[in-house]
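Below: one structure, written as structure tokens.
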Amino acid sequence: MGSLLCERLSGRKVELGLVPFGSIGLSLFAIDLYFASRGLQTHSLTGVGAFLAAPAHWRIVADLVLLGMFGGFYIVPLYALIQERSEPAYRSRIIAANNILNAIFMVASAGIALGLLKLDLTIPQLF
């Protein structure tokens, strides 16, 4: 949804002005996700219907949806910039290198999260 909105707002051109908007949204809704999940009690696994039956969970769902939307505002212009400014002969290599770096940082962040959870941090504290 964020990627599609980004295309509409940018008028089909590379618009880097959406990147700060996306980063602010990511920060705000990540912080709100922490506060929304902090006071919740732990339960056993339930289905989507049971999860949405509790109004306290609606805020968490809204935060996750908005994180995804603002993530689109953040990443789409950056990928478009890479494609626009790279030389055609090197474009595929540059995109591949970017994807490799993204994968390395995702694995590293998962490792850091695992280490923090082993230090007895809770999921809300990890957020």
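Please label the shape of segment 50-124 as rounded, prolate or oblate, based on the square roots a ≥ b ≥ c of the eigenvalues of the alpha-carbon gyration tensor (a/c under 1.5 means rounded; beyond that, a/b larger than b/c means prolate, else oblate). Show your work: numbers first, answer last.
Working: a/c = 4.52, a/b = 1.66, b/c = 2.73.
In terms of gyration-tensor shape, oblate.
Between A108 and F35, what FRET efficiency follows from the Cβ-Cβ distance if R0 is 25 Å, with the result rounded to 0.05?
On the way: r = 26 Å, r/R0 = 1.05.
Result of the calculation: an efficiency of 0.40.
Accessible area per residue of segment 39-103 at 1.4 Å probe, in Å²?
Using a 1.4 Å probe on heavy atoms only, each residue of segment 39-103 averages 70 Å².
Over the chain, what portion of Cα pair distances is larger than 21 Å, expressed as a whole percent?
Details: 4550 of 8001 pairs.
Beyond 21 Å sits 57 percent of the P(r) for the chain.
When you count, for each residue, the other Cβ atoms within 10 Å and take the mean per peptide, how do 16-28, 68-80 rank with the highest first?
68-80, 16-28
Just how large is the dipole of segment 33-127 about the Cα centre, in debye to the nearest 20, putting +1 at every Lys and Arg Cβ and -1 at every Asp and Glu Cβ? Intermediate values should be presented prior to the final figure.
Working: 6 positive and 4 negative charges, 11 e Å.
Its charge dipole is roughly 60 debye.
List the longest stretch of the chain that has no exposed loop site; here a site is one of the trypsin sites (Lys or Arg not before Pro) assigned by DSSP to anything other than H, G, I, E or B, with at most 14 other Cβ within 10 Å. Each step should come with its number before you reach the end.
Values: sites that count: R12, K13.
Counting at most 14 other Cβ atoms within 10 Å as exposed, the longest clean stretch of the chain is 14-127.
If R₀ is 35 angstrom, what is the calculated FRET efficiency for the pair A97 and A53, using the beta carbon separation as r and rounding to 0.05?
Numbers: r = 46 Å, r/R0 = 1.31.
The calculated FRET efficiency here is 0.15.
What number, rounded to the nearest 500 deg cm²/dmol, is the helix-based mean residue ellipticity at 222 nm of the chain, given -39500 (n - 2.57) per DSSP H run of at least four residues and division by all its residues?
Values: 6 runs with 99 residues, N = 127.
Value at 222 nm, helices only: -26000 deg cm²/dmol.
Length gain on complete extension for the stretch T46 to R8, per 0.36 nm per residue less the alpha carbon to alpha carbon distance? If you can, show how the numbers build up before the last one.
Numbers: separation 38, 0.36 × 38 = 13.68 nm, distance 3.70 nm.
So the extension gain works out to 10.0 nm.
Can you compute the charge dipole magnitude of segment 1-78 about its Cα centre, using +1 on each Lys and Arg Cβ and -1 on each Asp and Glu Cβ, nothing else charged? Give it in debye, rounded to the nearest 20.
Taking the Cα centre of segment 1-78 as origin, the dipole is about 80 debye.
The values are calculated or read from the model by the stated rules, or taken from the named source; none is laboratory data. Quick caveat, the model's predicted, so the values are computed rather than measured. Quick reminder, even Gly has a Cβ in these numbers, built from the backbone with ideal geometry, and neighbours come from all protein chains shown. These area figures cover heavy atoms from the full protein model, side chains too; ligands, DNA and RNA do not enter into them. Shrake-Rupley method; radii C 1.70, N 1.55, O 1.52, S 1.80 Å.
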